[in-house]
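Working notes, structure below.
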Amino acid sequence: MARTRLYRDGTLALEDFPVKDISSYVCEPELLVWLDLCAPTPDDLDMIREEFGLHQLAIEDAGSERQRPKLDRYHDHLFMSAYAVSVAPDTGTLGTCEVAVFITPNALITIRHDDRFTMDRVVERWDNTPELAEQGVGFLLHGLLDYLVDGHFTAVQELDERIEALEELLFDDSVSDSQIIQRRTYELRKNLVRLRRVVLPMREVVNSLLRRDLHVVSDPLLPYYQDVYDHVLRATEWTESLRDLVTSVMETHLTVQGNRMNLIMKKVTSWASIIAVPTAVTGFYGQNVPFPGFAAHDGFYASTALMVVLSLVLYVTFRRKDWI
């Protein structure tokens with residue numbers, strides 16, 4: 001599965017042309033080529049290595065998965081690894097899809113390991129800003145980075161909303177099962193750790209692209225890349241604050257559970273104290289020795305009255321102290 005585009009002097013000239021025709025275009029400096037490969041085979045990777053003169057180490061990184069987001073610099077091209085993220089609306093699970101990018105003076109090659117991430121939205125951004133197409137490969141790279149970083153920002157916002165919903169459950173007495181809160185907290189923390197591994201390195205990636213000696217970002221594109229860098233910083237700071245917030249939610253949940261347990265123990269102890277009064281009285285009157293009211297109805301009445309009065313006194317006392 002391959003997609004191609006050809007820009008001539010900042011204007012889209014060809015689209016979805018055969019990959020074998022790339023050889024006749026990459027040698028012309030006024031042309032800009034985009035090649036997208038989805039789930040490429042080793043033969044496909046060897047083909048682009050020969051056509052574009054890519055480094056073997058960069059090809060190996062593009063063919064392997066779970067690369068760290070990075071920007072590697074070679075003699076005449078750059079290799080970038082980045083991730084597209086999304087949050088499942090039903091389960092809230094964070095999904096990632098790796099994108100490998102080769103950046104040459106007049107070509108951009110994107111490699112995806114599967115079709116979970118589609119380039120359609122990126123192409124739409126290119127079509128919506130045709131006035132920037134004459135800026136060369138930096139124009140194509142900006143559209144890709146802008147879409148990826150916006151996805152990071154959207155994922156952080158979605159996780160923030162889920163944390164706010166979790167905070168409302170902390171003091172909701174109708175939620176009797178504490179495992180629900182614990183499970184959701186653990187899942188959110190795990191998703192934030194995964195998101196942090198994707199978002200945090202992007203700060204260095206975009207910052208490196210802004211270097212003048214790379215000759216990727218032209219002066220007209222500089223404000224656009226600075227805007228992307230600002231979004232990366234905001235997403236990074238937001239992710240870090242959410243990690244602290246999830247930790248606070250966990251600690252607050254444990255504190256609330258401890259307070260509820262203390263309240264339960266206080267009530268149980270109060271009722272046990274009340275129940276201990278009849279037990280003590282009946283135990284006293286159950287002695288096998290003569291006592292006032294022994295073998296007479298007066299003793300039964302006296303013991304019953306004593307149990308009732310003492311129990312009422314304890315109940316009123318505990319009630320006033322809010323122990324019951």
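The values are calculated or read from the model by the stated rules, or taken from the named source; none is laboratory data. Note that the coordinates shown come from a computational prediction; the quantities given were computed from them, not determined experimentally. Cβ: placed from backbone, ideal geometry, glycine included. Neighbour counts: every protein chain shown.
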Considering only strands (runs of 3 or more DSSP E) fully contained in region 1-105, which possess at least 1 residues that are within 31 Å of the chain's Cα centre (by Cα)? 2-8, 31-38, 70-73, 78-87, 94-104
If the requirement is being within 15 Å of residue 153 (Cα to Cα) and either under 25 Å from the mean Cα position of the chain (by Cα) or at pLDDT below 80 (or both), which of these qualifies: 204, 240, 251, 187? 240
Would you point out the residue of region 14-27, among those that are touching a residue at least 12 places away in the same chain (Cβ under 8 Å) and touching a Phe, Trp or Tyr at 6+ places or on another chain (Cβ under 9 Å), that is farthest from residue 52 (Cα to Cα)? 17
Residue selected from region 157-179 under the condition of a type in the set (S, T, N, Q) and surrounded by 12 or more Cβ atoms within 10 Å (Cβ to Cβ), by the criterion modelled with the highest pLDDT: 157
Condition met for residue 182 (crowded, with 18+ Cβ neighbours inside 10 Å and of a type outside the set (A, V, I, L, M, F, W, C)): no
Return a yes/no flag: does region 53-65 have any residue that is hydroxyl-bearing (Ser, Thr, Tyr) and either closer than 22 Å to residue 195 by Cα or in contact with a Leu (Cβ under 6 Å, 6 or more places away or on another chain) (or both). yes
Using the structure shown, decide if residue 131 is buried (at least 18 other Cβ atoms within 10 Å of the Cβ) and acidic (Asp, Glu). no
Region 299-315 residues that are on the phi > 0 side of the Ramachandran plot, paired with ones that are assigned to a helix (DSSP H, G or I) (beta carbon under 8 Å, 6 or more apart): none
Unmet requirement for residue 30, which otherwise passes all of (1) loosely packed, with under 15 Cβ neighbours inside 10 Å; (2) within 16 Å of residue 100 (Cα to Cα); (3) not basic (Lys, Arg): (2)
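Can you go through 64, 86 and tell me which one is among the hydroxyl-bearing types (Ser, Thr, Tyr), surrounded by 14 or more Cβ atoms within 10 Å (Cβ to Cβ) and assigned by TED's automatic domain parsing to the domain that holds residue 35?
Unique residue meeting the criteria: 86.
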Quick check on region 85-121: of everything there that is of a type in the set (Val, Ile, Thr) and under 15 Å from residue 2 (Cα atoms), which residue is modelled with the lowest pLDDT? 118
Here the qualifying pairs (Cβ atoms under 9 Å; residues six or more apart or on different chains; first in region 140-164 and without any contact (Cβ under 8 Å) to a residue 40 or more places away in the chain and outside the structural domain of residue 224 (by TED's automatic domain parsing); second assigned to a helix (DSSP H, G or I) and charged (D, E, K, R)) come out as none
What are the residue pairs meeting all of these: first residue in region 221-232, first residue over 14 Å from residue 147 (Cα atoms), second residue not charged (D, E, K, R) and not in a helix (DSSP H, G or I), Cβ atoms under 8 Å, and 6 or more apart or on different chains? 222/210; 226/210
Can residue 281 be described as at pLDDT 75 or above, in a helix (DSSP H, G or I) and among the hydrophobic types (A, V, I, L, M, F, W, C)? no
Among the residues of region 242-249, is there at least one that is assigned by TED's automatic domain parsing to the domain that holds residue 101, in contact (Cβ under 8 Å) with a residue 60 or more places away in the chain, among the acidic types (Asp, Glu) and in a helix (DSSP H, G or I)? no
